[in-house]
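Working notes, structure below.
The values are calculated or read from the model by the stated rules, or taken from the named source; none is laboratory data. Since we're looking at a predicted model, the values are computed, not measured. Note that each Cβ is placed from the backbone with ideal geometry, even for glycine, and that neighbours are counted across all protein chains shown.
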């Protein structure tokens, strides 16, 4: 039985993956900010006769201290985890700053994933075949806004969402660069179009795009098994990237190693 931690695991795609893993007999730790969603998560797990394998940690992962608390709680309660899946995401219509002074989307979609990947590294290395999966828009076109990483001076909700995927691509590269143990396999995964509450909310003011997205997007129930199959049968390489079933070329500009080093140093100085 694997122990799988999923951020955003009580809502949207994260919950779909969590329920699929519970059905397969795995132990699932879901992290989310909503008590109500946590109660629903427990109830749904009970319906699957998996209440003893379902755990919920309520935390606001846009805050540094909350990420640190989750790391310490996981170390104390579970010690080892087999799989870490990053699915938590939030799309703010306007520029919103956290208590730590970071732009909200940047803090949750990128900074939290950075902190948890390094903070839970030892827990992952205690297992036989550890995997980190970073669910984002991996391999898409676009550049990093080095002069304004948090878009404090040029906020656009959709651009900020896409920019977070560029940062996560580089974060996956730098994690592998910095990993001297070389036991963890890091997968950057682009699920393509999935009908989740978060994405529909992000497109709420774009009627044409919203309608088009609904036409092409697959359901969570169709997207989740693809993700679970990939973490069950991860590639042999330390670093890989996928768009649905298709493996992506790591020579793409999104995975530039020098940019990855630069972002790692910038992020480390922020923290």
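Restricting attention to segment 1-25 and to residues that are part of a helix (DSSP H, G or I) and without any contact (Cβ under 8 Å) to a residue 40 or more places away in the chain, the residue that is farthest from residue 132 (Cα to Cα) turns out to be 23.
From the list 115, 133, 188, 140, the one residue that fits, being closer than 17 Å to residue 248 by Cβ, touching a helix residue (DSSP H, G or I) at 6+ places or on another chain (Cβ under 8 Å), surrounded by fewer than 21 Cβ atoms within 10 Å (Cβ to Cβ) and in contact (Cβ under 8 Å) with a residue 40 or more places away in the chain, is 140. Of all residues in segment 72-99, those being buried (at least 17 other Cβ atoms within 10 Å of the Cβ) and in a helix (DSSP H, G or I) number 1. Could you grab me the full set of residues in segment 174-189 that are more than 16 Å from residue 122 (Cα to Cα) and over 15 Å from the mean Cα position of the chain (by Cα)? Scanning segment 174-189 gives 174, 177. Residues in segment 26-65 that are touching a residue at least 40 places away in the same chain (Cβ under 8 Å) and part of a helix (DSSP H, G or I) were compared, and the one that is nearest to residue 80 (Cα to Cα) is 53. It is to be established whether one or more residues within segment 103-116 are more than 14 Å from the chain's Cα centre (by Cα) and not in a helix (DSSP H, G or I). There is at least one residue in segment 103-116 that is more than 14 Å from the chain's Cα centre (by Cα) and not in a helix (DSSP H, G or I). Screening 170, 124 for residues that are closer than 24 Å to residue 76 by Cα, part of a helix (DSSP H, G or I) and modelled with pLDDT of 95 or more leaves exactly one candidate, 124. Among what's in segment 225-245 and is part of a helix (DSSP H, G or I) and touching a strand residue (DSSP E or B) at 6+ places or on another chain (Cβ under 8 Å), pick the residue that is surrounded by the fewest Cβ atoms within 10 Å (Cβ to Cβ). The qualifying residue surrounded by the fewest Cβ atoms within 10 Å (Cβ to Cβ) is 230.
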